[in-house]
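The values are calculated or read from the model by the stated rules, or taken from the named source; none is laboratory data. Everything quoted here is computed from the prediction, not taken from an experiment. Glycine gets a Cβ as well: all are built from the backbone with ideal geometry, and neighbour counts include every protein chain shown.
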Amino acid sequence: MGAPDLAAKFIGWANSPFQIELGFASIGFGVVGLIAPWKSLHMRFAAVAPVACFLWGAAGVHIRSMISDGDFDSGNAGVIFWTDILIPLAGLILIWLQRRYEKEGRSAAPYPNPQRYPQSRKPPS
């Protein structure tokens with residue numbers, strides 16, 4: 001949002017007002033990401049799932065751009081491309097590990113507390 005010309009040049013695309021809209025969507029993802037760690041596992045998944053959809057979709061657009069346009073600029077085919085794939089994967093792996101650790105009763109996450117919410121009761125969402 002702060003430097004649309006620089007971002008467009010880095011990716012190898014034309015500048016567009018859509019970049020500002022995308023910036024606000026990213027702020028929304030960030031707000032949910034700040035809230036989710038203190039909520040349920042479902043909320044954490046809800047924070048990661050749309051980001052995964054967005055980033056994997058962006059990776060698909062980068063692949064299309066590489067194949068059809070020959071756009072191998074560093075902002076399209078470099079680190080950005082790989083972070084678009086790996087960041088959501090890391091988030092989903094961490095959620096899977098937390099779910100596994102919660103089932104085993106050894107999660108370090110602040111919520112839910114197994115002693116406070118026995119298995120016979122569901123924690124509030």
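Key figures for this structure:
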{"read-out": "Single match in Leu55, Leu92, Leu97 (criterion: of a type in the set (A, V, I, L, M) and buried (at least 17 other Cβ atoms within 10 Å of the Cβ))", "value": "Leu55"}
{"read-out": "Condition broken by Ser16, with the remaining ones in (1) under 18 Å from Ile93 (Cα atoms); (2) in a loop (DSSP other than H, G, I, E, B) satisfied", "value": "(1)"}
{"read-out": "Residue list for region 64-76, filter: loosely packed, with under 15 Cβ neighbours inside 10 Å and among the hydrophobic types (A, V, I, L, M, F, W, C)", "value": "Ile67, Phe72"}
{"read-out": "So Ile87, is it among the aliphatic types (A, V, I, L, M), assigned to a helix (DSSP H, G or I) and over 17 Å from Ala25 (Cβ atoms)", "value": "no"}
{"read-out": "Yes/no for Pro123 being assigned to a loop (DSSP other than H, G, I, E, B), at pLDDT below 95 and surrounded by 12 or more Cβ atoms within 10 Å (Cβ to Cβ)", "value": "yes"}
{"read-out": "Residue match in region 37-46 (condition: free of Cβ contacts under 8 Å to residues at least 40 places away in the same chain and in contact with a helix residue (DSSP H, G or I) (Cβ under 6 Å, 6 or more places away or on another chain))", "value": "no"}
{"read-out": "Boolean, Ala25 is outside any helix (DSSP H, G or I), loosely packed, with under 15 Cβ neighbours inside 10 Å and out of contact with any Leu (no Cβ under 9 Å at 6 or more places or on another chain)", "value": "no"}
{"read-out": "Exclusive hit being surrounded by 12 or more Cβ atoms within 10 Å (Cβ to Cβ), among the aliphatic types (A, V, I, L, M) and modelled with pLDDT of 90 or more, set Val79, Val61", "value": "Val61"}
